[in-house]
1. Within the stretch 1-52, how many residues turn out to be under 17 Å from V248 (Cβ atoms), among the aromatic types (F, W, Y) and either surrounded by 18 or more Cβ atoms within 10 Å (Cβ to Cβ) or in contact with a helix residue (DSSP H, G or I) (Cβ under 8 Å, 6 or more places away or on another chain) (or both)?
2. Between a residue in the stretch 250-275 that is of a type in the set (S, T, N, Q) and any residue that is assigned to a strand (DSSP E or B), which pairs come within a Cβ distance under 8 Å, given they are 6 or more apart or on different chains?
3. Confirm whether G174 is in the same structural domain as Y86 (by TED's automatic domain parsing), at positive phi and surrounded by fewer than 18 Cβ atoms within 10 Å (Cβ to Cβ).
4. With the requirement that a residue be touching a residue at least 12 places away in the same chain (Cβ under 8 Å) and of a type in the set (A, V, I, L, M, F, W, C), what does the stretch 142-180 give you?
5. Picking from L228, L185, L215, which residue would you name as being surrounded by 16 or more Cβ atoms within 10 Å (Cβ to Cβ), under 22 Å from the mean Cα position of the chain (by Cα) and not β-branched (V, I, T)?
6. I'm checking my understanding of the structure. Among residues of the stretch 240-291 that are under 24 Å from V100 (Cβ atoms) and of a type in the set (S, T, N, Q), which one is modelled with the highest pLDDT?
7. Quick one: which helices (runs of 4 or more DSSP H) sit completely within the stretch 1-86 and have at least 1 residues that are in the same structural domain as S239 (by TED's automatic domain parsing) and farther than 21 Å from G149 by Cβ?
Amino acid sequence: EEAGGGWGARWMAEHHWDAIACDYLLTEMGGWPSGDGRRVGVSIGEKGLAWRRLRVGGTPGHGSMPFRSDNAVVKAAEIVRRLADYRPQARLDELWAARVEASGLPSEVRAGLVDPARLEDALAGLPAAQARHLHACTHTTISPNVLHGGVKTNVIPDTVEIDVDVRTLPGVTGEDVNRYLGEALGELAEHVTVEELFNDESTASSVRTPLWDALGRGIRAAYPQADLLAELIVGATDSRFFRERGTVAYGAGAYSPGVTFADFASRFHGNDERVDVASLELCTDLWLAVARDLLD
């Protein structure tokens, strides 16, 4: 529900788990074919969610006398720039290598994407939407997205709040996130207090399950030659609340060949967020087939 699950799936899991407990769960973010059509991605895990609210302090004063003032907005502007420029180190694991191999990209590009020293250059040569997604697959990301400050045009503000969307790779803790923020801010960190809004670490499910096998059989109705490709997604779903309690959860679907993941990803929270009817039909057929398979 775009609010972190505080009054949704998280609340139900914490207070009424008996009402929603299940062995298997299917959700969004899976079903796009690889470049060669021989693999269909299924998300077995997702990055963590570590939102932070930064409060930047200053000294109030009259806006007509800004010289040598302690303006919280000016400091916040520099803090936002530093956060945007900061890059935690890339991490390239086996899931990433398998995804790159199945991407259908030219061999030279694939070689660059699995080489930490060449990764940034390889991403720079790709279309923007694709590069953004692949960068997020390999990095903990820090995105300052909301800023509130000031009360009146002629008043120098003493407080600015910056809400930061941090998405963490597997193994990155809340303490790691706070350390990253400190490194990004440098000497400005002493002017900032950090409030932790979320600290949900990355979660994942095994692929050695009856649900994975049923998905593998079901996907061939849409893609007869395809095998499943395990992937990590960069967003967050309600799956994390179920995985934490032992449920096997995957993001699985079947999307029409005319829709690439780059196309679909560019629609998230965009001006034309949508799904095509053919993909809706394929996804419905897959989910019904998997349910029947498991019940047989």
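1. So the count comes out to 1.
2. Hits for this filter: T260/W32.
3. Numbers: in the same structural domain as Y86 (by TED's automatic domain parsing): yes; at positive phi: no; surrounded by fewer than 18 Cβ atoms within 10 Å (Cβ to Cβ): yes.
No; evaluated as a whole, the condition is false for this residue.
4. Within the stretch 142-180, I142, V146, L147, V155, I156, V160, I162, V164, V166, L169, V172, V177 meet the criteria.
5. L228
6. Taking the stretch 240-291 as the starting set, the residues that turn out to be under 24 Å from V100 (Cβ atoms) are 250-268.
Checking the rest, the ones that are also of a type in the set (S, T, N, Q) come to 256, 260, 266.
Numbers: S256: 86, T260: 72, S266: 75.
Step by step, filter the stretch 240-291, then rank; the result is S256.
7. Details: elements: 9-15, 17-20, 72-85.
Passing ranges, in order: 9-15, 17-20.
Quick grid of which residues meet (1) within 26 Å of T59 (Cα to Cα); (2) among the small types (G, A, S):
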| residue | (1), (2) |
| --- | --- |
| D158 | yes, no |
| V177 | no, no |
| G216 | no, yes |
| I219 | no, no |
| A222 | no, yes |
| G235 | no, yes |
| F241 | no, no |
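The values are calculated or read from the model by the stated rules, or taken from the named source; none is laboratory data. These figures come from a predicted structure and were not determined experimentally. Note: ideal-geometry Cβ built from the backbone for every residue, glycine included; neighbour counts use all protein chains shown.
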